[in-house]
Every structure is written in C-alpha cells, then in structure tokens.
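Here is the structure we will look at, set down as structure tokens.
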Amino acid sequence: MKIGFIGLGNMGAPMATNLAAAGHEVAGFDTAAPMPEGVTAAASAAEAATGADVVITMLPNGQILRSVAAGVIPAMRKGAILCDCSTVDVDSARAVASEATAAGLGALDAPVSGGIGGAQGGTLTFMVGGSDADFKAVRPLFDIMGQKAVHCGDPGAGQSAKICNNMILGVTMIATCEAFALADKLGLDRQKMFDVVSTSSGYSWSMNAYCPAPGVGPKSPADNDYRPGFAAELMLKDLNLAHMAAGSAQADTPMGQLARQLYEDFVEREDGLGRDFSAMLPRFVARNR
Ligand code: NAD
C-alpha cells in the first residue's frame, strides 16, 4: 500500500519503519522529528497524504489532530482511509471521523497500548472505532505494527475503550500502592503481601504484572528506580481524557476523578514528572495521615 505517516515521534517512527520494512511505500511528515529508516520525507502533511491509500496520524493530542486533519483531508483521494493512532479525546476522534466521512473518505480511530517497546517490536494492541469495511482494509497494517487489533464499534469506540481501560489501570495502581504503604506501616513483609494478594481477590495487572514494590514480583520499573515504563504524566493525560469523556457522557466516575487528582498532584506539585506511574508507592510511603 501507499501510506502517508504524520507524526514520527517516539511511537510513530518505529511504527512507520515497520510498515516500510514490510514492503509498503511510506511517505512521512513531522514538524520536528527526523525521518526514520525506510520513510521518504514529504514537505508537508498534505503532501504525505496525496495519493496515499491510508494516512496514519500519531500525534500528541486532539487539538493537533484536528488541525492536521483539516489540512490532510482535502489532499486525500476519495475512498482512502484516515487512521488516527494517537490517544485523543473521544469528541475530537468523532469530529475528525465525521469530517473525513463527509469528504468521501474512510476513517478509523485506532489508539494503541504497548508503549514504545511495543511500537518497536511490532507488538502493539490496537483498539479500533469505525466501519467494518475500513477496519478490514487497514487490518493488514495493524497486523504489521501490532499483535492484536480489536474492532470496538463505531467512530470514537477505540478511544472510549482505551480511556476506560486506562482509568481502571490508574485506579488499580493507586489502590495497589496505597495498600502496600498501609501494609508497610502495619509491619507486613512486602513479599508476603505480594504472595497473598497476587493469588487472592485483590489481584490485578498492577499487582501481578507490574508490581510497584522493588524486588517483589516480576521485573518492573520499580526495579529500575521507577524510570518509565509508563510515565506518570502519560497516565495523567489519559485520566484527563477519561474525565472529559465522563463530562460529555454525563457518567459518574468518582474513582477515576480521584485518581486524576492524585496523578495531577504527583506530576505538577510533587516529584512525579518523568517517573513511572508506579512511583505512587514511595509517594504513599512518605506520607502520613
Ligand atoms: P511524541 O511527542 O514522541 O511524538 C509526537 C510527534 O508529533 C512529535 O515528533 C511531534 O514533532 C509531532 N507533531 C506535533 N505536531 C505536529 C504537526 N502539526 N504535524 C506533524 N507532526 C507533528 O509522542 P509519542 O510518545 O510518539 O506519542 C504519540 C501518541 O501516542 C500520543 O497521543 C500518546 O498519548 C500516544 N501513546 C504513547 C505511548 C507511549 O508510551 N509513548 C503509548 C501509547 C499511546
């Protein structure tokens, strides 16, 4: 396929390289990042999109996505598909999809999980919103960049799935960290705490696969001085998106809201910026009621 790839940062660069390595013709554009291996430089986003079968965007936020889409949509040929892989607010995802559809294009929102390692290794998971036909057409590209693609429903459904998942993740990580800190103060050994909880009803991905206590459970960022991993500010971004979506949908999400507030304090007023999101554990340990 002929692919336009816009946004070649930490995630977009390895994704574009993997598509090129699989034999696709990739034209790339980024306002700052260098061209990754295998990607031909375009002079603008519109130039990267011209003549492409699929245009993929991997951008920082919904506002930038909207402005890039406004330039790219008129340049795309009828029937081509605009596939946004960024994590953005549900309203922006839906707005861009409806503009693309009105211009005779296909549109998918396809945010990912798996992080930079998953982008490099081609093992991302894609959560996809849009039509069946568009999903089927882009699926071969998802299969190159990732190991799993789930068609979640109509436009916006991919972003909805992503932020609901990450809201659970933020809440369970905080619950796991505050429970470890309580266990410490009760004199309970951390390894014993892990042995019980990881095989009892308190188990979760945060405890079992990404244990926030150093030296306990599988290797995780806690064992690397809480270097990310998944940075606290990226968790805050996703919790802010969940908060916006809850506002638009009039959904009551008190735990998500509290997790958002705690990560905001951690990133903006404590020492959380640039640390892994599991560094909530030393934060709770250092605090007393
Ligand atoms: P990044 O900041 O490394 O890359 C974004 C790129 O977009 C940058 O190179 C920037 O120069 C470029 N850009 C900004 N405005 C542009 C414009 N108008 N036109 C063209 N290019 C423009 O960010 P990233 O880590 O690659 O993340 C990209 C998206 O993926 C974000 O939405 C993020 O939330 C999501 N995501 C990131 C991770 C992760 O672990 N990094 C994991 C899952 C999802």
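All of the numbers you see were taken from the coordinates with simple rules; none came from a lab. Just so it is clear, the structure is predicted and the values come from calculations on it, not from any experiment. Cβ sites come from the backbone with ideal geometry, for glycine too, and all protein chains shown count toward neighbours.
Summary of computed values
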item	result
Fully extended contour minus Cα-Cα distance, from LEU182 to ASP223, at 0.36 nm per residue	12.7 nm
Structure-based [θ]222 nm, the chain - -39500 (n - 2.57) summed over DSSP H runs of at least 4, per residue, nearest 500	-15000 deg cm²/dmol
Hull shadow area, averaged, the stretch 226-285 [alpha-carbon convex hull, nm²]	3.9
DSSP beta bridges in the chain [antiparallel fraction, %, rounded to 5]	15
Inter-probe distance in nm under a simple model that places probes 7 Å from Cα toward Cβ, at ASN208 and GLU268	3.5
Helix runs (DSSP H) in the chain reaching 20 Å along axis by Cα, Kyte-Doolittle at least -0.5	157-185, 232-249, 254-268
Residue-wise HN-Hα coupling along the stretch 198-205, computed from phi with Karplus coefficients 6.51, -1.76, 1.60 (Hz; x: Gly, Pro)	5, 10, 10, 6, x, 5, 6, 4
Ordering of 268-274, 113-119 by packing [mean C-beta count within 10 Å, highest first]	113-119, 268-274
Karplus-derived 3J(HN,Hα), 6.51/-1.76/1.60, for each residue of the stretch 283-289, Hz, glycine and proline x	4, 5, 4, 6, 9, 10, 5
Student exercise, the stretch 231-289 dipole from Lys, Arg, Asp, Glu Cβ charges, in Debye to nearest 20	180
Distance histogram in 10 Å bins (all Cα pairs of the chain, percent per bin)	7, 27, 31, 21, 11, 3, 0
VAL196/ALA133 FRET efficiency (R0 41 Å; Cβ-Cβ; nearest 0.05)	0.25
Under-5 Å amide H pairs with LEU82, H placed in peptide plane, nonlocal only	VAL55, GLY106, ALA107, LEU108
Computed magnitude of the charge dipole of the stretch 145-264 (debye, nearest 20; Cβ of K, R +1, Cβ of D, E -1)	180
Mean Cβ neighbour count within 10 Å, used as a protection proxy, ranking 80-91, 136-147 highest first	80-91, 136-147
Pairs beyond 26 Å (Cα-Cα), from LYS192/LYS219; LYS148/LYS237; LYS162/LYS192; LYS148/LYS192; LYS2/LYS162	LYS162/LYS192; LYS148/LYS192; LYS2/LYS162
The stretch 81-89 - phi-based ³J(HN,Hα) in whole Hz, Karplus 6.51/-1.76/1.60, Gly and Pro as x	10, 9, 10, 8, 9, 5, 9, 9, 5
Which of LEU105, ALA161, SER198, positive extreme of dipole for the stretch 82-208 (C-beta unit charges)	SER198
